[in-house]
1. Which residue, chosen from Met129, Leu52, Tyr113, occupies the Cα position most advanced towards the positive end of the dipole of the chain, where the dipole is computed from +1 (Lys, Arg) and -1 (Asp, Glu) charges on Cβ about the Cα centre?
2. Would you mind counting up the charge near Trp13? Only other residues with Cβ under 13 Å from its Cβ, with Lys and Arg at +1 and Asp and Glu at -1.
3. Once you charge only the Cβ atoms, +1 for Lys and Arg and -1 for Asp and Glu, what is the size of the charge dipole of the range 49-143 about its Cα centre, to the nearest 20 debye?
4. Based on alpha-carbon positions alone, could you give the equivalent ellipsoid semi-axes of the range 1-43 from the gyration tensor, as √(5λ), descending, whole Å?
5. Explain nothing, just compute: Karplus ³J(HN,Hα) = 6.51 cos²θ - 1.76 cosθ + 1.60, θ = phi - 60°, for every residue of the range 100-116 in order, whole Hz, x for Gly and Pro.
6. Please give the calculated 222 nm ellipticity per residue for the chain, where each DSSP H segment of at least 4 residues contributes -39500 (n - 2.57) and the sum is spread over every residue; nearest 500 deg cm²/dmol?
7. What angle, in degrees between 0 and 90 and rounded to the nearest 10, separates the Cα long axis of helix 131-143 from the longest principal axis of the Cα atoms of the chain?
8. Just the C-alpha atoms of the range 49-143: what Rg/Rh do they give, with Rh taken as the Kirkwood radius?
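Taken together, the values in this text are just the output of simple stated rules run on the coordinates, not laboratory data. Nothing here was measured: the structure is a model prediction, and the numbers come from that model. In this analysis, Cβ positions are derived from the backbone assuming ideal geometry, glycine residues included, and neighbour counts consider all displayed protein chains.
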Amino acid sequence: MENKTREKRQNVWIGILRGAIVLTCIALVIVAIFTIKEYYDTFSATYSEKGLYWALESENYYRVAEGRHVNLAEGHPGNASMKEYYGVGKYYEAAVFYYAYRAVEDEKRASKYREQMEAALPETGSLSMVKDRIHEQIEQFLAD
């Protein structure tokens, strides 16, 4: 009788230990999946929406333009809000070239980029408020 009780107790402990091992393995797999995802996101060649947001927020418009080029080159056309960031990048690039050609008095090329700025403005959507800040930033750079 004592043997049967002891055997039952051992079976219970073995069952608890097996359950703990299974749960530990499941937890390890979940942690591995999140680690791999985080690693991929960190070293991904593309710009996330959050990355573009922070570039815009810190007025690093060239990063927004760079993000647009990188994402499009990587085959990531983006969702509707990403396309607004792409529009800002497109507008910024055209504005930089517009001011550069205007500075060297090449009105023909400057007007070409002015048209590109006007064409890109609707693509900025709800982010169009940065237009004035882009102009201020470029003008300040040229004044220095």
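1. Among Met129, Leu52, Tyr113, the one farthest towards the positive end of the dipole of the chain is Leu52.
2. Spelling it out: positives minus negatives among the neighbours equals +3.
3. Magnitude of the dipole: close to 160 debye.
4. Working from the Cα gyration tensor, I get semi-axes of 41, 4, 4 Å.
5. Per-residue couplings from phi come out as 5, 6, 5, 5, 9, 6, 9, 5, 4, 5, 4, 5, 4, 6, 5, 5, 5 Hz.
6. -27500 deg cm²/dmol
7. 60 degrees
8. Details: Rg = 13.0 Å, Rh = 13.3 Å.
Expressed as Rg/Rh, it is 0.98.
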